[in-house]
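Asker: Structure incoming, see below.
No value in this document is a laboratory result; all are computed from the given coordinates. Note that the coordinates shown come from a computational prediction; the quantities given were computed from them, not determined experimentally. Virtual Cβ from ideal backbone geometry, glycine too; neighbours counted across all protein chains shown.
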Amino acid sequence: MALRTDWPVVDTAISFTSTVGSATPYTYWVSVLPRTVAGGQTRRGRQYELDAVQAGEMQLTLDNTDGALSPVNTASPFYPNVTPYRPIRQRMQWPPTQQLLTADQATAGDASALPTGAIPSSLQALSAYGTPTLAAGPVGNAYQLAVPGSSTVNQSIVALAGWSVTPGKVHAVQAMARNITASTSAQVLAELAWVDVNGAIISREQGTPVTLPGSAGSSLVQVTATGTAPATACGALVSVTLVSQTAAFTVQVDKWQVEQAAAPSTWTQPGTWRSLLSGYVERWPLQWGEAGLYTSVQITCVDQFALWSPQKLRDPFYLDVLATGPDWFYPLDDPANVTTVADLTGKRLAAPITVSRYGPGGLTTGNSVQATTAAGLFKGTTASVASFNNTTPSGSFQAATYVQLDAAGIHGPPIGGAGWTRIFAFRAPVGVPAHDSAMWMAGQPTFDEAGSNAQVFGTLSASTAGIFGFTPGAFAVEFINNSTAVVNWASPNSVCDGNWHLAVITVSGNGLTVKITLDGVTSTVSPASSATPTGLVTDTLGVVIFPGQDQIYNGYVGDLAHVGQWSSVLTSTQIGNLYTSWRSCWAGDSTGTRYARILAWAGFPGTSAIDTGATASMGPASDVSGQDVLTSLAAVVTTENGNHYVRADGAAVFESRITRYNRLTPSFILGESTATGELPYEDLAFDFDPTRLSNDVEVTQSASTQTFRATDAASATTYGSKSLSRTINTSSALECVDAANYLLARYKAPDLRVQKLRLHPSARPAMWPSVLQLEIGSRVRVMRRPPGQPAIQFNGFIESMAWTLSPGDAYLDLEISPADLALYWLNAALHTTLSTGASAGASSVTVTALPDSATNPFKASVPAGLQLTLEPGTVRAETLTVSTVSATSPGYTTCTVTFTSTLGFTHASGSVVCEALPAGFTDATTWDANALLGSTTTLAY
């Protein structure tokens, strides 16, 4: 592969073996760069900071003369996987090298100074013999794996995936390996394994075996292999493969290189791969030109936002239930006047609403949720419920209307196996029920007090003299086996209060552990014999029925909803989460937690980078119901007043409002003064208009619908009345006030915005390493020095990035929103220095006094449990937890800090010691200037 020193290596590849739901990172990629015609265009982001973020998009024209990219071509090596939403990536490597691997793959993490231990998934290291780790090797890290004795040969000891293969091209691999187990010997070789569209290995290319003699200080031995990728290759693995062994041994592998070459070249550390877009091929439109002789495909590619736009979300409680994999779940939220109730999972038939042979009782659907008190409601769903009114008992022959689950193929809980769980929500009228009132019952065909019978009841007790003999109005659970009540449990208090309650019953596989969780409180029953009834036939809601004796009685009066079952025992955490979801709908989430929760509801399998969020307590998540995923995520971002986007590498990013407050200095300066390090630009257009001006701001609290207003009369007089309205889902009314005032202060006057700025790295290759680091949200400074006029200095954040590539040319167009010019007050990071040097292995250090030493003791700022970082941003950086600090008095000059663990490095006197810094920061003094609180200090929220 010929390299240009002034042009990055470009990788455009499709993963035909992966889908939207595949785990990331994707394993196999095939390059389509040789098919690329006339470059392409990529755009991500939004216009300015108040606009909605758009889905990223890439347009590429690919040569399809051979028909391989035709969706209906059965002879294509990619058939039948030429379908919408196959993963695609476009990335560039700088500095350019022959390496197809990432720098961390090739160096076992040394390029990023990864710690020893578990291997990050981004390295895509695999093994047929176990899980490799990162360990200290002869030079930096190495991949390490213990190979068991008598292992099957010709399998991968360590393999690397994720690089792009080019069909028909010769590829070469090299690696260095050694055996560190004394008195053993092994033979290994390098291997290239080609896979087809199904991920199955087509063929292997193996190099010459080499012997690895075992010793703790053994030397690295090179292994190599070369081979041509078949025309049908859709991906590949490179590996160090086992040939033979004398015993169990531990191998280390390092210095990998994969390249397009007839033979391995001198090892080179790869340049950094920077993505332009990672997403999915959405469309494969076929085109014929030149009188039908030339075929091309002009593919449209999108990022993850495009997939979230059409994906609708259900009520949060339903989403959480479905995520746990129930066998069936009848919400009982069906509309009025139906004759069946539907299973939300789609696994079961609709269950009929059945009338007793002795006449109808009362059962209506489509009823609104009601409760005696606000706390007695549930918020996890806004759907309707079913109301039962089987009020007239007549011995064992009652008129009633009920839900017949057994007609849908449900005959009680499963027997044995992994146990079972059943859930249901209920609301009983205030007062003692007139008779025992069965919400759920499963039983055998007949009831014989003297013989063998089995039943499971979930009921309300009428009196101490009733069948169950419990506290009047209590929620009772009884399991009967062979006429013996092996479980006989009741709640200590009445639940007939007009409020909603959630009951969860779990039974272990052997039937000897029964747990009843009522409103989040769990009681455990340990029966002497199995509590799992056998031979159950009936399963009903709202009545007790024994069809073999024509007995129907204990009709239920009250509301029911959310009846479901699992063929497993849900964990206490799962049950607790379901109760929280049902009762409060996750009110109290931080914005970061809510954003992550929505990603989980969406089934997003990719990577994410999610800030905690400055909004610490949101309202219920009920606002997602019926909304698409992207709208729901955007609502969280609006509440936070933060930002979100899909990073160029495909990761979903949520940034709190604090993130941009913390970006105080520009990453790069764009201007014509190249001698001072500025990046030159070509086209520049500023926008200055009142489109985003607002002097009448209304912020509405989502849960209460209360509106908070902030206005500026002077701005309205100058520019006319300009309104801005937004709804935020915070539980704090004060935060709504703060948000309104902040937005008013931010937008009551117009501001410059960069409408277009073009960077042209192909014309100035020295710019490549800087330009490829730019990302949405990067803070930059734009300098414009017009002749005879004052210089314009514009500080802003990149909101939109649009790449255009063509043969021999590449440029990047940016749109930039203004950085807030106010210097907001922020807490500074606690920082000091070592008074004396500290050696590796020590558990304590002596530090110099803090700035407030004249008035406050050291422990007031550094309590036990605080994490301190020594030498942040260096190769010796390490973070430890404070155990104790020595006593100090006002005016102290030093203090001894003892940690819960020992130092891993030696640190010199004067080394920085600070509290743990936010991700991406290494300078503890970053916030010092903002930490001075005075009469003119501006406060954000």
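Asker: Treating only the Cβ of Lys, Arg, Asp and Glu as charged (+1, +1, -1, -1), what charge dipole size does the chain show about its Cα centre? Round to the nearest 20 debye.
Answerer: 740
Asker: Can you list, largest first and rounded to whole Å, the semi-axes you get for the stretch 1-120 by taking the square root of 5 times each eigenvalue of its Cα gyration tensor?
Answerer: Listed largest to smallest, the semi-axes of the stretch 1-120 are 27, 21, 19 Å.
Asker: Moving to a separate point now. Need the full-extension length gain, ALA247 to VAL430, defined as separation in residues times 0.36 nm minus the C-alpha distance. One decimal, nm.
Answerer: Once the chain is fully extended between ALA247 and VAL430, it gains 58.4 nm.
Asker: Which order do the peptides 708-717, 588-597, 536-545 take when ranked by the mean count of other beta-carbon atoms within 10 Å per residue, highest first?
Answerer: Highest mean packing first, the order is 536-545, 588-597, 708-717.
Asker: Let me ask something additional. As an exercise, use a Förster radius of 30 Å and the Cβ-Cβ distance of THR665 and ALA849 to find the FRET efficiency, rounded to the nearest 0.05.
Answerer: 0.60
Asker: Still on this structure: Tell me which lysines have Cα within less than 17 Å of LYS748's Cα, excluding those fewer than 8 residues away on the same chain?
Answerer: LYS722
Asker: If I take every Cα pair under 8 Å that is 6 or more residues apart in the stretch 103-267, average their sequence separation and divide by the length, what percent do I get for the relative contact order?
Answerer: Across the stretch 103-267, relative contact order equals 30 percent.
Asker: Report the extension gain between ALA842 and GLN789 in nm, rounded to one decimal, defined as 0.36 nm multiplied by the number of residues separating them, less their alpha carbon distance.
Answerer: Difference between extended and current length: 13.0 nm.
Asker: Where in the stretch 344-368 does the label zone of PHE397 land, with the point 7 angstrom along Cα→C-beta and an amide N cut-off under 12 Å?
Answerer: Inside the label zone: 357-359.
Asker: If you count, for each residue, the other Cβ atoms within 10 Å and average over each peptide, how do 565-576, 49-60 line up from highest to lowest?
Answerer: So the peptides 565-576, 49-60, ranked by packing, come out 49-60, 565-576.
Asker: Hey, another quick one. In whole percent, what relative contact order does the stretch 566-634 give with Cα contacts below 8 Å and a gap of six or more residues?
Answerer: 38
Asker: At what distance in nm do the modelled label points of ASN827 and ASP6 sit from each other, each positioned 7 Å from its Cα along Cα→Cβ?
Answerer: 5.2
Asker: Turning to a different aspect of this structure: Could you compute the FRET efficiency for ALA685 and SER721, with r as their C-beta to C-beta distance and R0 at 30 Å, rounded to 0.05?
Answerer: 0.60
Asker: If you don't mind, another one. Each label point is 7 Å from the Cα along the Cα-to-Cβ direction; what then is the distance between the points at VAL72 and SER883, in nm?
Answerer: 7.4
Asker: If you don't mind, there's one more thing I want to ask. Roughly how many Å is it from the Cα centre of the stretch 195-270 to that of the stretch 292-355, as a whole number?
Answerer: 45
Asker: With labels modelled as points extended 7 Å from the Cα through the Cβ direction, what inter-label distance (nm, one decimal) is found for ALA864 paired with ASN577?
Answerer: Output for this residue pair reads 3.3 nm.
Asker: Using r as the Cβ-Cβ distance of LEU932 and LEU734, and R0 as 35 Å, what FRET efficiency do you calculate, to the nearest 0.05?
Answerer: Taking R0 as 35 Å, the efficiency between LEU932 and LEU734 is 0.90.
Asker: Jot down the radius of gyration and Dmax of the chain, Cα atoms only, both in angstrom.
Answerer: Taking only Cα atoms of the chain, I get Rg and Dmax of 33.7, 108 Å.
Asker: Further, regarding this structure: Taking 0.36 nm per residue of sequence separation and subtracting the Cα-Cα distance, how much length would be gained by fully extending the chain between THR373 and THR513, in nm to one decimal?
Answerer: Working it through step by step, the gained length comes to 47.0 nm.
Asker: Restricting to DSSP H runs of at least four residues, report the calculated mean residue ellipticity at 222 nm for the chain, -39500 (n - 2.57) per run over all residues, nearest 500 deg cm²/dmol.
Answerer: -2500 deg cm²/dmol
Asker: Could you give the distance between the Cα centres of the stretch 651-728 and the stretch 42-57, to the whole Å?
Answerer: With the stretch 651-728 and the stretch 42-57 each reduced to a Cα centre, they are spaced 15 Å.
Asker: Could you grab the relative contact order for the chain? Cα pairs under 8 Å, six or more apart, rounded to a whole percent.
Answerer: That works out to 10 percent.
Asker: Please report the orientation-averaged projected area of the stretch 587-662, defined via the convex hull of its C-alpha atoms, in nm².
Answerer: Taking a quarter of the hull surface, the average projection is 4.8 nm².
Asker: For the stretch 664-706, I need the span (max minus min coordinate) of the C-alpha atoms along each principal axis, in Å, sorted largest to smallest.
Answerer: 57, 24, 14
Asker: Quick one: grab the alpha carbon gyration tensor of the stretch 831-924, order the square roots of its eigenvalues as a ≥ b ≥ c, and give me rounded if a/c is under 1.5, else prolate or oblate depending on whether a/b is larger than b/c.
Answerer: It comes out prolate by the Cα gyration axes.
Asker: If the cut-off is 29 Å between C-alpha atoms, which lysines fall inside it for LYS859, apart from same-chain ones fewer than 8 positions away?
Answerer: Within reach: none.
Asker: Something else: Residues in the stretch 19-54, backbone N under 14 Å from the label point at SER203 (7 Å along the Cα-to-beta-carbon vector): list them, ranges by number please.
Answerer: Label zone hits: none.
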